[in-house]
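These notes concern the structure reproduced below.
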Amino acid sequence: MMSVPLASFAAHPEESRGRLYPEPESAARTVFQRDRDRIIHSTAFRRLQYKTQVFVYHEGDHYRTRLTHSLEVAQIARSISRALALNEDLAEALALAHDLGHTPFGHAGEAALGQAMERFGGFGHNHQTLRILTRLERRYAGFDGLNLTWETLEGTVKHNGPLAAPSGSIAEYAARHDLELATWPGAEAQVAAIADDIAYNNHDLDDGLRAGLFALKDLAEVPLIGPVLREVGRLYPAIDEPRLIHESIRRVVDRMVTDITGESRRRLAAARIKTAAEIRALGAPVIAFTDALTAEAAGLRTFLFERMYRHYRVNRMASKARRVVQELFQLLLAEPQCLPTEWRLLVAGEGTPETARVVADYIAGMTDRYALDEHRRLYDRYAPA
């Protein structure tokens, strides 16, 4: 397909607000293409391969990880952006970066680290993503972080909407590099956020079926997926179950994307949007589902919460994950001399807020398997140090 000219309200690379540290630009790539490439080549991005989405990595080879989830989000974000004549490269960069700050073991690991860090300024994966992008990636000679454009950092921090009362790392960074946190982000960031919703709703259905947490018959009355299963069954009465699942889920994804593009075009036209600045000043999102599909998606999400996220097998994995993270944090905070050398050089005494943040950065960057190995090394007297 030939490239489509960007809409007037898209993020135009030649109009970027630039980087915190000025750099010569590339003759071959736009600023947003360079941002995307820096994210892909980052250490934090590679680690997503072994970070939990729902199932810990050793549960099976075919379940989604944070990496495969991020790739699926990026594909959906590009499709929506192309349909709306938005900047695909920026949307892709935002989709690939949005989960970089996640801990090992998914939301269970984040909750455990958040609880451990309560008295030291807290922890959240969105804050951690910004720390990675602006500080913790140490690869370039002239600066810490990846020195991404204003638009990529703004969209990463605000992809779920304005931040009326920023705190922690986000507030600290914004004091140096104003990301206009009180406004909605550009359309590409809104696309990345809604692509995230589409991806996890649908691939969690697939993974839940694969894991046997529920069966196809349980989905018959579930919004979105139930009607599509019946439709595919009528069209292909002899279809085998794996094909039925894949065909149905891909049709649900297509329906959601089609709904978004239609509703977003309606909102953009109704607000008479001409520029990206007008999108940020609007006070409401322009990229959205219709009310009808929003309600259906909520029904699907309710089913997943009841039958998947609260399933005893998932609860057991989450319980173990919380204990591993909590115990690692407690030990390393009390005995920072057990940290690897490059991390130990950053600490400032036992039990201090500065040391707690270093320990949190160290643990948050771990993959599932490294966290389990590190826990075994530190707590099992028979394991090699």
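Values as computed for the structure displayed
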{"read-out": "Accessible surface, region 80-157, averaged per residue in Å² (probe 1.4 Å)", "value": "28 Å²"}
{"read-out": "Mean separation of Cα contacts under 8 Å, 6 or more apart, over the residue count of region 270-385: relative contact order %", "value": "16 percent"}
{"read-out": "Neighbourhood charge, 13 Å Cβ-Cβ cut-off, centred on Ala164 and excluding it, Lys, Arg +1 and Asp, Glu -1", "value": "0"}
{"read-out": "Region 314-372-region 130-150 distance, computed between alpha-carbon centres (Å)", "value": "22 Å"}
{"read-out": "Highest to lowest packing among 104-113, 80-89, scored as the average C-beta count within 10 Å", "value": "104-113, 80-89"}
{"read-out": "Percent accessible area from carbon and sulfur atoms, region 173-318, protein chains only, probe 1.4 Å", "value": "54 percent"}
{"read-out": "Karplus-derived 3J(HN,Hα), 6.51/-1.76/1.60, for each residue of region 187-201, Hz, glycine and proline x", "value": "4, 5, 5, 5, 5, 4, 5, 6, 5, 4, 4, 4, 4, 6, 4"}
{"read-out": "FRET efficiency, Ile239 to Asp218 (Cβ-Cβ, R0 25 Å, nearest 0.05)", "value": "0.85"}
{"read-out": "Net charge contributed by nearby residues that have their C-beta within less than 13 Å of Ala271 (K/R +1, D/E -1)", "value": "+4"}
{"read-out": "Order by protection proxy (mean Cβ within 10 Å, highest first), peptides 207-213, 303-309", "value": "207-213, 303-309"}
{"read-out": "Amide H contacts of Phe105 (H built 1.01 Å from N, under 5 Å, at least 5 apart or other chain)", "value": "Thr52, Asp368"}
{"read-out": "Peptide ranges 137-145, 11-19 listed from the most packed, as the mean C-beta count within 10 angstrom indicates", "value": "11-19, 137-145"}
{"read-out": "For region 260-333: accessible area per residue (Å², 1.4 Å)", "value": "52 Å²"}
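The values are calculated or read from the model by the stated rules, or taken from the named source; none is laboratory data. Just so we're clear, the structure is a prediction, and the values are computed from it rather than from any experiment. Glycine gets a Cβ as well: all are built from the backbone with ideal geometry, and neighbour counts include every protein chain shown. For accessibility, only protein heavy atoms count, side chains too; no ligands or nucleic acids. Shrake-Rupley method; radii C 1.70, N 1.55, O 1.52, S 1.80 Å.
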